[in-house]
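Below: one structure, written as structure tokens.
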Amino acid sequence: MATIIPSAAQGRRIWLRVGTLLDGSSARPLHDAHIIYDRDQILFVGQDAPPRESLPPGRQAPDCDLADYTLLPGLIDAHTHLFLAGDELDLDKRSAYLNQAPDELLRQARARLEKLVRLGIIAVRDAGDKHGVGLALSRLHESSNRPLMPYVDSPGAAIHHQGRYGSFMAEPLRDCGAPYDCVAARVRAGADRIKLIATGIINFKKGAVTTEPQLTTDEIRQLVAAAKSFGKQTLAHASGDDGIERVIEGGVDSVEHGFFLRDDQLAKLRDRQIAWVPTFSPVQEQVDHADRMGWGAQIVANLRKILDQHAATLVKAHAMGVPVVAGSDSGSCGVAHGLGLLYELQLMERSGLSPLAVIHSATGAGSQRFAFKEEFGQIKPGYHSRFLLTRHSPLESVTNLAKEKVVVFDGSIFESNGPVDIEGL
Ligand SMILES: [Zn+2]
């Protein structure tokens, strides 16, 4: 469909009619819907013909009638680590990569940004690094001469305990003294939100989280209260039910990973409207590349069991009304930026969520929960003109989102008919 949709340059309003429109949060799609937008924002969305005053001057018919297309918001990846290259599986090469100077990490992360837009990712919530890459990209997004890039916000260095998991992306709590001072230091450094590493990670050999949680409930409470005093949200890495209990009771805004969540904890997430970002991809990648990782049959069986349990928990969580938000944990071993989110969505669908529920998790759910500084992720007047158009209905399967599509980004048109450049993601 090359060049069918005009670019919304120089104040020009574009009027499209589409066969199906998903607004990112409504339970029902709109059919034969109209959308009018310019470079800055969406101006009108509806099933009925638009009112005269919103029409482009002198126009009586849409610029394009796309009866066999579905329009949906551009995708939000709510958990990424932009300073890491996800597509690398070799552990020696991964640690060599991390040993580069921060400037070099930033240069390579910058090169990923335009590729993400072309894949349909219009915003990412970075989940932490101690090299300042996420913070630099967040500032870059706010600058007047920003390149073609998704919205980025970042917590900077996560907060953990000395000697425990997370030293590659976190700085120890004790380095700043009290929890309040630690949060204040992060905010001074430019953190958009505060990331806590509250637990360790899954021990694949044992198929469980075998270490004690890192942060105490009291520490989490103090860190959350400090973050709130600066108007910042808190996201918490937590797996294993003991650590998950602490972050829920500590009052965080989102539970990241959440492996081994219990049913009674799901009810608390629902009642307190704490978001859950399940991040299937990094664990699934360990199964997909088990030979390369050196995992034998027993470990693979453990991993599959964990993933099956996680899938069942996801279906329960969604049915109960827990705010589920999609995040890939891209940058993790084997989880490429952008492509990792598309895979994550497939894994959520494979778990038993409907395609529409999966789409909401990557669009409206994050848009509504995460207090981003700009409006995107929903198709509503006033929101950015950032959306996807595809002839391969994502309501049949979200795997269709990986097929060729048109990305409209601030009114400009990016088509992916051939292979997209995925080098270095
Ligand atoms: Zn992560």
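Please go through the range 20-37 and give me each residue that is part of a strand (DSSP E or B), open to solvent by 10 Å² or more (accessible area, probe 1.4 Å) and on the phi < 0 side of the Ramachandran plot, ordered by number.
Thr20, Leu30, His31, His34
Out of Ile202, Ile244, Ile220, Ile248, report the one residue that is more than 16 Å from the ligand (Cβ to nearest atom), of a type in the set (A, V, I, L, M) and in contact with a Gly (Cβ under 9 Å, 6 or more places away or on another chain).
Only one candidate qualifies: Ile220.
Would you check if there is a residue in the range 280-291 being without any contact (Cβ under 8 Å) to a residue 40 or more places away in the chain, under 30 Å from Ala226 (Cα atoms) and surrounded by 14 or more Cβ atoms within 10 Å (Cβ to Cβ)?
no
Given the conditions (1) within 30 Å of Phe370 (Cβ to Cβ); (2) more than 28 Å from the chain's Cα centre (by Cα); (3) of a type in the set (A, V, I, L, M), which single one is not true for Val18?
Condition not satisfied by Val18: (2).
I'm checking my understanding of the structure. Among residues of the range 143-172 that are in contact (Cβ under 8 Å) with a residue 40 or more places away in the chain and either of a type in the set (Phe, Trp, Tyr) or open to solvent by 10 Å² or more (accessible area, probe 1.4 Å) (or both), which one is farthest from Leu339 (Cα to Cα)?
That would be His161.
Here is a yes/no grid of residues against (1) in a helix (DSSP H, G or I); (2) modelled with pLDDT of 95 or more; (3) in contact with a Pro (Cβ under 8 Å, 6 or more places away or on another chain):
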{"residue": "Gly231", "(1), (2), (3)": "no, yes, no"}
{"residue": "Ala236", "(1), (2), (3)": "no, yes, no"}
{"residue": "Asp242", "(1), (2), (3)": "yes, yes, yes"}
{"residue": "Arg246", "(1), (2), (3)": "yes, yes, yes"}
{"residue": "Val252", "(1), (2), (3)": "no, yes, no"}
{"residue": "Gln265", "(1), (2), (3)": "yes, yes, no"}
{"residue": "Val287", "(1), (2), (3)": "yes, yes, no"}
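With the requirement that a residue be in a loop (DSSP other than H, G, I, E, B) and of a type in the set (D, E, K, R), what does the range 289-335 give you?
Within the range 289-335, Asp329 is the sole residue that qualifies.
Looking only at residues that are assigned to a helix (DSSP H, G or I), free of Cβ contacts under 8 Å to residues at least 40 places away in the same chain and open to solvent by less than 50 Å² (accessible area, probe 1.4 Å) in the range 173-192, which one is nearest to His79 (Cα to Cα)?
Among those residues, the one meeting the criterion is Arg186.
Just need a number here: residues in the range 321-347 that are touching a Lys or Arg at 6+ places or on another chain (Cβ under 8 Å) and within 14 Å of the ligand (Cβ to nearest atom).
Of the residues in that region, 4 qualify.
Residue by residue through the range 386-401, note down the ones that are among the hydrophobic types (A, V, I, L, M, F, W, C) and either assigned to a strand (DSSP E or B) or crowded, with 21+ Cβ neighbours inside 10 Å (or both).
Phe387, Leu388, Leu389, Val398, Leu401
So that you can scan it fast, the table gives a plain yes or no per residue for (1) within 30 Å of Glu114 (Cα to Cα); (2) small (Gly, Ala, Ser); (3) in contact with a strand residue (DSSP E or B) (Cβ under 7 Å, 6 or more places away or on another chain); (4) away from the ligand (no atom under 16 Å from the Cβ):
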site	(1), (2), (3), (4)
Val277	yes, no, yes, no
Phe280	yes, no, no, no
Ala297	no, yes, no, yes
Arg350	yes, no, no, yes
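Among the listed residues Ala365, Ala357, which satisfies the condition of being in a helix (DSSP H, G or I) and crowded, with 23+ Cβ neighbours inside 10 Å?
Matching residue, one of Ala365, Ala357: Ala365.
Just checking, how many residues over the range 71-85 are over 8 Å from the mean Cα position of the chain (by Cα), within 16 Å of the ligand (Cβ to nearest atom) and over 10 Å from Leu116 (Cβ atoms)?
Number satisfying all stated conditions: 4.
Residues checked against (1) open to solvent by 40 Å² or more (accessible area, probe 1.4 Å); (2) of a type in the set (Phe, Trp, Tyr):
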position: Ile220; (1), (2): no, no
position: Val224; (1), (2): no, no
position: Phe230; (1), (2): yes, yes
position: Ala236; (1), (2): no, no
position: Ser239; (1), (2): no, no
position: Glu249; (1), (2): yes, no
position: Ser254; (1), (2): no, no
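I need the full set of residues from the range 38-59 which are of a type in the set (D, E, K, R) and either open to solvent by 30 Å² or more (accessible area, probe 1.4 Å) or under 24 Å from Glu396 (Cβ atoms) (or both), in order please.
Once the filter is applied, which keeps residues that are of a type in the set (D, E, K, R) and either open to solvent by 30 Å² or more (accessible area, probe 1.4 Å) or under 24 Å from Glu396 (Cβ atoms) (or both), the range 38-59 yields Arg39, Asp40, Asp48, Arg52, Glu53, Arg59.
Run down Ser7, Ser26 and say which single residue is small (Gly, Ala, Ser) and closer than 27 Å to Ser361 by Cβ.
On inspection, the qualifying residue turns out to be Ser26.
Just to check your reading of the model, which residue among Lys195, Lys206, Lys115 is within 20 Å of the chain's Cα centre (by Cα) and outside any helix (DSSP H, G or I)?
Going through Lys195, Lys206, Lys115 in turn, the sole match is Lys195.
The values are calculated or read from the model by the stated rules, or taken from the named source; none is laboratory data. Since the model is a prediction, treat every value here as computed from it, not as a measurement. A quick note on method: Cβ atoms are made from the backbone with ideal geometry, for glycine too, and the neighbour counts reach across all protein chains shown. All accessible areas refer to the heavy atoms of the entire protein, side chains included, with ligands and DNA or RNA removed. Shrake-Rupley method; radii C 1.70, N 1.55, O 1.52, S 1.80 Å.
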